[in-house]
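The block underneath contains the structure these notes are about, expressed in structure tokens.
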Amino acid sequence: MRLFVILLLITQSIFSQKFYTRTGSTGFKASVDAFEPVQALNKSTTAILTKDGEIASQLFISAFKFRLALMQEHFNESFMESNDFPKAVFRGKIENFDASTLSGSKDVTIKGKITIKGVSKEIETKGTIHKVNDKINLATSFDLSPSDFNIKIPSVVRRKIARVVTVSLDYDFSEKK
């Protein structure tokens, strides 16, 4: 019983120090001029941000929505193999971040590890974070290379898809109470 009470207190203190979102927006563009735009948006990214800047996010690959259903099908089945690798995960830290002193807008550096298709890669990017009332917004974009994550682009469409994909995210965090 004592162990249960200790775990309950630890859990409450951990959760009371976090902000979260389940409706974070993550998008990407892999378009090449003169061809059909290759881009998609996922509006169901889950992310947690601690008051000292630790951040973790997870999204389901199959939740990316494309303008064309056929693109979405190829993306999930051929490129991302979302049945075998259903999630993408990021774990990192926003440098020099303290939620208790945050007011207005601030440029930040985010460092961490992104895992896609079971392959992890360290990344660093610049972003903007700002606090409005009880919410914290984080916005950033960064470039990834599909080849870094063993994403094979068939030769038939290789010219139609950019070699570097621009990923953008926009998360509105609420305090977990």
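No lab work stands behind these numbers, since they all come straight from the coordinates. Values in this document were obtained by computation on a predicted structure and should not be read as measured data. Backbone-built Cβ (ideal geometry, glycine too); neighbour counts: all protein chains shown.
For the stretch 94-108, the Karplus equation 6.51 cos²θ - 1.76 cosθ + 1.60, evaluated at θ = phi - 60°, returns couplings of 8, 5, 6, 10, 9, 4, 5, 10, 6, 8, x, 10, 8, 7, 9 Hz by residue, with Gly and Pro reported as x. A straight Cα-to-Cα reach below 21 Å connects LYS87 with the lysines LYS29, LYS43, LYS65, LYS111, LYS113, LYS117, LYS121, LYS152, residues fewer than 8 places away in its own chain not being considered.
Each residue of the stretch 44-51 was assigned a 3J(HN,Hα) from its phi angle through the Karplus expression (A = 6.51, B = -1.76, C = 1.60, θ = phi - 60°), giving 10, 6, 9, 9, 10, 10, 7, 5 Hz with x at Gly and Pro. When both the stretch 48-119 and the stretch 132-166 are represented by their alpha-carbon centers, they are found 11 Å apart. Taking N as the residue count of the stretch 18-175, its C-alpha radius of gyration divided by 2.2 N^0.38 Å amounts to 1.07.
Contact order, relative form, for the chain: 25 percent (alpha carbon pairs under 8 Å, 6 or more residues apart, mean separation divided by residue count).
In the chain, helical runs assigned H by DSSP with n ≥ 4 each contribute -39500 (n - 2.57); averaged across all residues and rounded to the nearest 500, the mean residue ellipticity at 222 nm is -3500 deg cm²/dmol.
Rounded to the nearest 10 degrees, the inclination of helix 2-15 to the longest alpha-carbon principal axis of the chain is 60 degrees. Check SER31: other-chain or 5+ apart residues with amide H under 5 Å from its amide H, H built from backbone geometry? For SER31, the qualifying residues are VAL38, ALA162.
In order along the stretch 135-144, the Karplus-derived 3J(HN,Hα) couplings, from 6.51 cos²θ - 1.76 cosθ + 1.60 at θ = phi - 60°, round to 10, 10, 9, 10, 10, 7, 8, 7, 9, 10 Hz, and Gly and Pro are given as x. Between LYS117 and any residue 5 or more places off or on another chain, the built amide H atoms are never under 5 Å apart. Working ranking of peptides 167-177, 78-88 by packing, defined as the average number of other Cβ atoms within 10 Å per residue, highest first, is 167-177, 78-88.
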